[in-house]
1. Between Glu539, Glu501, Glu507, which is touching a residue at least 40 places away in the same chain (Cβ under 8 Å), in a helix (DSSP H, G or I) and assigned by TED's automatic domain parsing to the domain that holds Ala382?
2. What number of residues within the stretch 447-472 are buried (at least 20 other Cβ atoms within 10 Å of the Cβ) and in a helix (DSSP H, G or I)?
3. For Phe106, all conditions in the list (1) modelled with pLDDT of 85 or more; (2) among the hydrophobic types (A, V, I, L, M, F, W, C); (3) touching a Lys or Arg at 6+ places or on another chain (Cβ under 7 Å) hold save one; what is the number of the exception?
4. In the stretch 187-199, is there at least one residue being buried (at least 19 other Cβ atoms within 10 Å of the Cβ) and more than 19 Å from Pro469 (Cβ to Cβ)?
5. Please determine whether any residue of the stretch 212-229 is over 23 Å from Thr406 (Cα atoms), modelled with pLDDT under 95 and aliphatic (A, V, I, L, M).
6. Sort out which residues of the stretch 168-186 are buried (at least 17 other Cβ atoms within 10 Å of the Cβ) and modelled with pLDDT of 95 or more, and write them in order of number.
7. Considering (1) basic (Lys, Arg); (2) over 19 Å from Val190 (Cβ atoms); (3) exposed (fewer than 14 other Cβ atoms within 10 Å of the Cβ), say which one Arg280 fails and leave the rest.
8. Of the numbered conditions (1) out of contact with any Pro (no Cβ under 6 Å at 6 or more places or on another chain); (2) assigned by TED's automatic domain parsing to the domain that holds Lys215; (3) surrounded by fewer than 24 Cβ atoms within 10 Å (Cβ to Cβ), Asp336 satisfies every one except a single condition; which is it?
Amino acid sequence: MEHCRKRRSSMTICAFFSTVAVMATGSVGCNQETVGNLQTTDDITAEDLATYTRELSDDSLKGRGTGGEGQGATLEYLRAAYERIGLAPVGDSAPGETSAREGQFFQEVELVGIATDPDTAALSFAGSKAAEALELRYGPDFVTWTPEPEEEFEIGGDLVFVGYGVDAPEERWNDFDGLDVKGKILLVLVNDPPLEDQSRFGGEAMTYYGRWTYKIEEAARQGAAGVLLIHETEAAGYGWNVAYSSFIGELMWAPELSVLPPLTPLQGWISRDATDQILRSAGLDINELASAAARDGFKPVDLGLTVSAHLDNSTRTVASYNVVGAIEGADPAVADEYIIYMAHWDHFGVGEPVDGDAIYNGALDNATGTAGMLEVAEAWAATEPPPRRSALFVATTAEEWGFFGTVTYIENPITPLEKTLAVINIDGLNVWGPTEDMMIIGMGKSTLDDDLTEVLMEQGRTPIPDPEPEKGYYFRADHFPFALAGIPALYAPCGMSYVNEPEGFYEQVWGEYEANHYHQPSDEFDPSWDFSGAAQDMEALLQVGLRVSAADTWPEWRPDSEFKAARDAMMQIQ
């Protein structure tokens, strides 16, 4: 084993005062011996993870909103931490400056902020089949948004039910067959079609066709004017409170990114109860429609209703930033090859108050992940002898709005994508103690699973697959754009079998968090949190990166992975 000891008196990273001054102290040293294949270090500790998390989720950072009032303080915190750890600045800009500049930790992400006035937002339904016009309530019944930067946005069209909104020729499925939906508003179910034939659409595991983001993209490709997603907690993977809080207030769009998919002018969620009400007014039943949509041969249904939407918006241009630092590899032959560790620093900032609290601190999501990335960076910097290959540490912005920081990086990579061996994403750490296992989201997609499996076995733990593959978590985190671009990406957030806890403890603690705190102001630091399991997990992810750095071969996608073709094409271009 490798033993690395911190030579510092305390974990004092930053102390925030009214001037947001940053005080950094301490140094790091590493003495190393090798026993077997597993490298371990005491540079990753539960105490440090807790300190980072507490400071990153402090009210002084105002919820780390993208382009919000706490953005400057958050960027300064991360800059100071990167400098203290010894990362090299490899960004291209400085916050507040209009020109690019070398020697910075920052990569600018250009955004447009669009905020809808909830008091004037309107969505109504009428038609020959409806007894009378139906007006829905913004918040309890629907939330809508537009990427169009218009102060007064109005749109209307015929309402068409298109089942799951999927056009997948390889799965022999087309929900748009036989009907031109140009200019229409689509009513869409989320998730994949629940077919009895488990050989299609990934069986129990959600494919990207099941993600609500895909539904909007496909609707745009079909020429639709808008999409209303029918919310159901089980199908969506979260309650109405999350759908609501994720769409209210200011939302971000990145119109300058050419690789982003198209979007419909109108987007939104509509509650299941409101959907029932709308369809009943036209003499239709949602259960019968949903049942038909799950069968081969489904045809879209013109509902005989028209939709009218009105939104009053305020818009602004927003400059936000990824924070990027590097540690150069020790082997000149491969020092131009990189492993990326990433975690999104952003959350929702200051927003709609809940029980009098308007700061969406995002302690677990994703102050914990950012803390984990910083701890991994510190351990990587302390490793002796130094790793062969280089490592890049990227704290991304605007993940909550559509992975815009990551997509900006991919469109403007700091290091060539064809020289990037692997991406390891850290998002939402385990804060309830050590586990006997660690889940791999998207298990089976790449050989990075093998590296993590070997590390876990040497830790005396076991790898487990995603227990809820139907929720599509692999497509819901910041590594996903890297995977789409072809880079093997690992996402392994936590374990399930807690040491000295009863069966069902995982479901209890994570279920309570998702039901009551996810994307809510109550996602705050809890002094009772136990980061010992998170430290164990970060140690495992560190070791995966070190193995990739030392190996003679690169990680690869499995032959049946949907991302393999992009990597193959990338490597042929070299």
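The values are calculated or read from the model by the stated rules, or taken from the named source; none is laboratory data. Please read these numbers as outputs of a predicted model, since none were measured by experiment. Note that we place each Cβ from the backbone using ideal geometry, even for glycine, and neighbour counts take in every protein chain shown.
1. Answer to the check: Glu539.
2. Narrowing the stretch 447-472 to residues buried (at least 20 other Cβ atoms within 10 Å of the Cβ): 448-449, 451-452, 455-456, 461, 463, 466, 471-472.
Next, only the ones that are in a helix (DSSP H, G or I) stay: 448-449, 451-452, 455-456, 471.
Result for the stretch 447-472: 7.
3. (3)
4. Here is the first cut: in the stretch 187-199, the residues buried (at least 19 other Cβ atoms within 10 Å of the Cβ) are 187-193.
Adding the requirement that they be more than 19 Å from Pro469 (Cβ to Cβ) leaves 187-188.
Yes - at least one qualifying residue is present in the stretch 187-199.
5. No, that holds for no residue.
6. If the condition is that a residue be buried (at least 17 other Cβ atoms within 10 Å of the Cβ) and modelled with pLDDT of 95 or more, then Asp175, Phe176, Val181, Lys184, Ile185, Leu186 are the ones that fit.
7. (3)
8. The one condition Asp336 does not meet is (2).
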